[in-house]
Amino acid sequence: MSILNTVQPDIVHLFGSEWCGIRLLKYCKFPIVLHLQGIVSIYNYSFLPNGTNLWNLYLNSLKVPIKTIKRISFPFLYKNFLYIAKRELEILPLLKYAFGRTDWDKESIKLIAPNCKYFYINEILREPFYIAKKWNNPVNNKITILSTISDSSYKGLDVIFKTINVLKKLSKQKIEWRIGGISDKSESVKLYKKLHKHKECVKFLGILSAQDIIKELQNATLYLHPSHIENSANSICEAQYIGTPTIATNVGGTSSILSNDAGILVSPNDPYEIVSAILKIWNDKDFALKLSRNEILTAEKRHDKIIIKKQTINAYKTIINEVINHNNQQK
């Protein structure tokens, strides 16, 4: 508040509702717009996927003593989620302006903050993706799947393991599932280890740079996003921009991201449906190329930097003018 009172901004732009900055909605006299990322009060219901409970989390935390000592293992994150969800539901009803990108975040924020004005504004991707070569149906002797997820219980590593088990059961085709964002020593790997029956099929890549992700996308058969809850995952958008055929679980705002046949939506709890989509891309090269073209057209339009810049500035002007007019009426 001291900084804001010194700067006297025309508008305050908050990124995400999951941090303590949303408390400014209670005290700030300047207009505030919230850039929606995830909504924790809704994400909270997907923190524990099917077959997982708090007891599992606590037992699993014993396998990651350093994270437990630092109070950042899953049980502590779950407790923090509950706290953040409570704070969101207390403060977000005060929100008057929001930027978002999906039908899910629009409907969700209108439900929590009925008087909020919603602006549809997309996000600019990291610069290397704008100049990278597109996917061109690389020739492989095996199905190569890329997923980039974080080390969280709800990001779908269990879905990956279940899908591999079904794929190995129903198909003799060789597969390699390359997973960026986590290592083989991560907490989520330990949590779902009992599902991990085909270790030879999986390679954990750890944290990847933008250039590394681009290279992986260019060489993959397909990209698969397995999350149990999501709004507008940047990793999906990046895969679409490169044109890598994309499969994603139909949760949260993902259906908006995969509109216009720019990817295949599947249920997160149905590995058979996921396997069917994987094999369709692998067996039907014409379909894979069509999917790739649809993704590129959709993503290039959605992430046009000039359009996003204009949309953002126009939204700022609309909010500022609305506040000025309201203040003048109050005088």
- request: Using R₀ = 35 Å, calculate the FRET efficiency as 1/(1 + (r/R₀)^6) where r is the Cβ-Cβ separation of residue 71 and residue 208; round to 0.05.
  value: 0.80
- request: For the chain, state what percent of all Cα-Cα pairs lands in each successive 10 Å bin, counting from 0 Å until the bin that includes the largest distance.
  value: 5, 23, 30, 24, 12, 4, 1, 0
message: Using DSSP to call loops (not H, G, I, E or B), can you name the trypsin sites (Lys or Arg not before Pro) in region 56-153 whose Cβ has at most 12 other Cβ atoms within 10 angstrom?
response: 70, 71, 133, 142
field: Debye log10 I(q)/I(0) for region 161-305, one point scatterer per Cα, at q = 0.10, 0.13, 0.15 Å⁻¹
entry: -0.33, -0.57, -0.77
message: Could you tell me how far the Cα centroid of region 264-331 sits from the Cα centroid of region 183-217, in Å?
response: 26
query: Averaged over all directions, how much area does the convex hull of the C-alpha atoms of region 186-239 cover when projected, in nm²?
result: 4.8
field: Relative contact order computed over region 68-218 (Cα-Cα under 8 Å; 6+ residues apart), in percent
entry: 22
message: Between residue 94 and residue 172, what's the calculated FRET efficiency when r is the beta-carbon distance and R0 is 51 Å? Round to 0.05.
response: 0.30
message: Please compute the length gained on full extension between residue 310 and residue 250, using 0.36 nm multiplied by the number of residues separating them and subtracting their Cα-Cα distance.
response: 18.6 nm
- prompt: Rounded to the nearest 0.05, what FRET efficiency is calculated for residue 30 and residue 137 with R0 set to 56 Å and r the Cβ-Cβ distance?
  reply: 0.65
message: Which residue fluctuates most in the GNM of the chain (Cα springs below 10 Å): 210, 248, 85?
response: 210
query: At each listed q (0.13, 0.16 Å⁻¹), what is the log10 of I(q)/I(0) that the Debye formula gives for region 6-163 modelled as equal alpha-carbon point scatterers?
result: -0.84, -1.07
- prompt: What value, in deg cm²/dmol to 500, does the helix sum -39500 (n - 2.57) over DSSP H runs of n ≥ 4 give at 222 nm once divided by the residues of the chain?
  reply: -14000 deg cm²/dmol
message: Could you work out how much longer the chain between residue 124 and residue 7 gets when fully extended? Use 0.36 nm per residue separation minus the Cα distance between them, nm to one decimal.
response: 39.5 nm
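Bear in mind these aren't lab numbers, they're just calculated from the coordinates by the rules spelled out. Not measured: the values here are computed from a predicted model. In this analysis, Cβ positions are derived from the backbone assuming ideal geometry, glycine residues included, and neighbour counts consider all displayed protein chains.
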